[in-house]
Amino acid sequence: MMSKKNGSRDFTWLIHIAIWAVIFSTPLFSPRPGHPLHGGVDYARFIPTFISFLVIFYANYLFLIKKYLYKKDFGLFILWNILLIAVVSLLVHLSFKFFVPMGPEGQMPPGSIQGPGPRPGPGHGPRPPELQMPHKEIFDKIGHLGRNTLIYIGIVSVAIALKMTERWYKDENKRKEMEKATAEAELAALKSQVNPHFLFNTLNNIYSLIQIDQDKAQEAVHDLSGLMRHVLYESERPTVPLASETAFLQDYIKLMSMRCSPDVRLEINLPETPSDIQIAPMLFLPLVENAFKHGIADGEESFIKVDLHEEGGFVSCLVENSNHPKDDRDRSGSGIGIQNLCRRLEMLYPGNHSFEYGTAQDVYRCLLRINTTNPDTSKT
């Protein structure tokens, strides 16, 4: 994670360097009549201006925005920028006056922020004193100050826009990471509920089988060990082959049917040669568990129908059973299977599944269809 953040930060600074390099070289590609390229003295006068841009931009980008604007201290933010612009403007003016030489015949090159004072006539040097107009000089100074201030305000605005955009992206990435971590934790919790729920129902079935046929009960314990291997290892993977899930269901139905009396009619239709299509594990188990739990009643005619098949990129699982709801004294399984399944489907296959369940004419019916052509089962 740190290397990814460092790489993003380095890329941002490379963009900064590229943009400033373009701005720094702009005067070289701004020809004027008689001067195809600026260079020498002309270009030297642009350097203080360029440096002032950097100072205004990075003073805001690296310090003032974070210290004042993020905290909504707008008054201090504006005050510090007024002081900063005033100081920078003064330093640029002094650099023009004392350190940077004038261009040929006292001319100011275009592209630089000109210091205050009257502009000399092109090609004629400074105007004679009798031709200078004091009022015009004042207006020139005011105009110069206004232009410079607008430029610096524009630079501050760009710094604010960039910093706020970066902050929004960082906050958005943090929000997405937190949502992903929360979803993964919830999904792991849901999967952890499936395992004990499955074990509870299976042990309850074996306990009942002991009273009927101890030999079958011993065989059931042996079969349970194979099922537990699938639950402990295969179910920890984000997806498993449909063939693996089909084999697990077949073994589970075999185990649960050991205690079924001749009055129970089982109709099981599982694909004989399922494809290697990947699917999230343990999705069909709650449907079959629910059927054996609520579809069988001692001394009453009962039936369970399970139909699992593939069609056109969809995996469909239809489970129907006679409806024999348990009373409040029977808390086996605690009834969390269907609710757990609904939540897992919402997280694993959002917009790529349909799930219908309910009772009609004393038949409880569940139909789950999953679109396997565009699933998002990368969560663990």
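Take the residues in the stretch 248-267 that are outside any loop (DSSP other than H, G, I, E, B) and either outside the structural domain of Ser225 (by TED's automatic domain parsing) or out of contact with any Leu (no Cβ under 9 Å at 6 or more places or on another chain) (or both), then tell me which one is surrounded by the most Cβ atoms within 10 Å (Cβ to Cβ). My answer is Met256. Total residues in the stretch 295-311 satisfying the condition of being charged (D, E, K, R) and over 49 Å from the mean Cα position of the chain (by Cα): the figure is 3. Looking at the stretch 177-194, can you tell me whether even one residue there is closer than 30 Å to Ser52 by Cα and at pLDDT 75 or above? There is no residue in the stretch 177-194 that is closer than 30 Å to Ser52 by Cα and at pLDDT 75 or above. Taken as a whole, the condition of being at pLDDT 90 or above and either in a loop (DSSP other than H, G, I, E, B) or of a type in the set (Ser, Thr, Tyr) (or both) applies to Ser316.
Do we have any residue at all in the stretch 127-142 that's under 30 Å from Leu54 (Cα atoms), within 50 Å of the chain's Cα centre (by Cα) and either assigned to a helix (DSSP H, G or I) or at pLDDT below 85 (or both)? No, every residue in the stretch 127-142 fails to be under 30 Å from Leu54 (Cα atoms), within 50 Å of the chain's Cα centre (by Cα) and either assigned to a helix (DSSP H, G or I) or at pLDDT below 85 (or both).
The values are calculated or read from the model by the stated rules, or taken from the named source; none is laboratory data. A quick note: this is a predicted structure, and the numbers were derived from the prediction, not measured. With ideal geometry, Cβ positions are generated from the backbone for all residues, glycine too; neighbour counts draw on all protein chains shown.
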